[in-house]
Amino acid sequence: MQSGYYTATGGMVTQFNRLDMIANNLANVNTNGFKHQDVVIGDFAKVFQEYRDELPLRNHTRDAADFVNRSINKVPHIVEEFRSLELGPMMVTGNTFDFALARDDLFFMIETPAGVRLTRDGSFQLNSEGILTTKDGDPVLPSDYYQNKGYIKLDSNGNYSADKDGNIYQSEELVKQLMTVTSHRVKELKNVGDNMFVANENDIIPILDSGSVKHKTLEKSNVNAVREMTALIEANRLVEMYQRVMNTHQDDLNREAITRLSTVKA
């Protein structure tokens, strides 16, 4: 059995998946509030050892499976995908409806056609009805949303200010407070695209006195473009290396097949 061929194939597939993630990071290097994503690479043997007791198999069947896969149990495997919650750079924009969160575990709440979503992107605007929305037109939710089901409605000609807890004032009168929340499982939030996340409603925890809201400021992406370009070059070189290993094993296999077939008597 050409066990090295399996290892090289697994390594190549792993690096292809890593390349997809690196490309996504680079595509979002200028996306407000975007969080860098990466992977942890392990091997089948480690995964098998950690989870073998949870497999719905009898002991002798597990042992048989381990024996059969012994030659390929070092195949590289993506053990975990993770997202760095490290704060991105804060940029003062001076724009009235720009907000940033200076705590890495906080999110704004947004109402979308698919349900409530969380985001770190505080680049907001007013729609034609004076409701504070995202750039896609989804309403930004206030702190009293669950009590009143209302939105943040402002006069487009007003003089606005906001404090560090997200209270929005118009002509020095309190209008609404931004809903800022965290989650019991921040690291497990599912990315659903458009720089938004979905969480189980029972896991959402309102944090209304965080002192972390920055007005007229945006958090930029925490992606380090230089680091990602370095990772891109590294992953491409690994793909090329695995390809050469696979070609070598294929050539060896072909030579062995030709040698054996040439000795077969008709």
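Residues checked against (1) in the same structural domain as Asp105 (by TED's automatic domain parsing); (2) among the acidic types (Asp, Glu); (3) over 18 Å from His215 (Cβ atoms):
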residue	(1), (2), (3)
Gly130	yes, no, yes
Asp136	yes, yes, yes
Ser143	yes, no, no
Ser156	yes, no, no
Asn167	yes, no, no
Can you tell me which residue in segment 110-132 is farthest from Lys220 (Cα to Cα), limited to those that are touching a Pro at 6+ places or on another chain (Cβ under 9 Å) and surrounded by 21 or more Cβ atoms within 10 Å (Cβ to Cβ)?
Leu132
Looking only at segment 214-247, count every residue that is aliphatic (A, V, I, L, M), out of contact with any helix residue (DSSP H, G or I) (no Cβ under 6 Å at 6 or more places or on another chain) and assigned to a helix (DSSP H, G or I) and tell me the total.
5
Residues in segment 126-143: is at least one assigned to a strand (DSSP E or B), polar (S, T, N, Q) and either under 20 Å from the mean Cα position of the chain (by Cα) or modelled with pLDDT under 85 (or both)?
no
Scan segment 195-242 residue by residue and report those that are out of contact with any strand residue (DSSP E or B) (no Cβ under 8 Å at 6 or more places or on another chain), among the charged types (D, E, K, R) and touching a residue at least 40 places away in the same chain (Cβ under 8 Å).
Asp209, Glu228
First in segment 103-115 and small (Gly, Ala, Ser), second anywhere and loosely packed, with under 15 Cβ neighbours inside 10 Å, Cβ under 6 Å, 6 or more apart:
none
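A quick yes/no check of all residues on (1) modelled with pLDDT under 75; (2) part of a helix (DSSP H, G or I):
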{"residue": "Met1", "(1), (2)": "yes, no"}
{"residue": "Asn32", "(1), (2)": "no, no"}
{"residue": "Tyr51", "(1), (2)": "yes, yes"}
{"residue": "Ala65", "(1), (2)": "yes, yes"}
{"residue": "Ile78", "(1), (2)": "yes, no"}
{"residue": "Asn95", "(1), (2)": "no, no"}
{"residue": "Glu111", "(1), (2)": "no, no"}
{"residue": "Arg117", "(1), (2)": "no, no"}
Restricting segment 147-157 to residues that are surrounded by 15 or more Cβ atoms within 10 Å (Cβ to Cβ) and assigned to a loop (DSSP other than H, G, I, E, B), the residue that is modelled with the lowest pLDDT
Leu154
Failed criterion for Lys164 (all others in (1) part of a loop (DSSP other than H, G, I, E, B); (2) touching a residue at least 40 places away in the same chain (Cβ under 8 Å); (3) out of contact with any strand residue (DSSP E or B) (no Cβ under 6 Å at 6 or more places or on another chain) hold)
(3)
Return the residue satisfying two criteria in turn: it lies in segment 213-230 and is buried (at least 20 other Cβ atoms within 10 Å of the Cβ) and among the β-branched types (Val, Ile, Thr), and of such residues it is farthest from Met90 (Cα to Cα).
Val223
Restricting attention to segment 173-213, report how many residues are in a strand (DSSP E or B) and not hydroxyl-bearing (Ser, Thr, Tyr).
18
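The values are calculated or read from the model by the stated rules, or taken from the named source; none is laboratory data. Bear in mind that the values here come from a model prediction, so they are computed numbers and not experimental data. For neighbour counting, all protein chains shown are included, and Cβ atoms are generated from backbone atoms with ideal geometry for every residue, glycine included.
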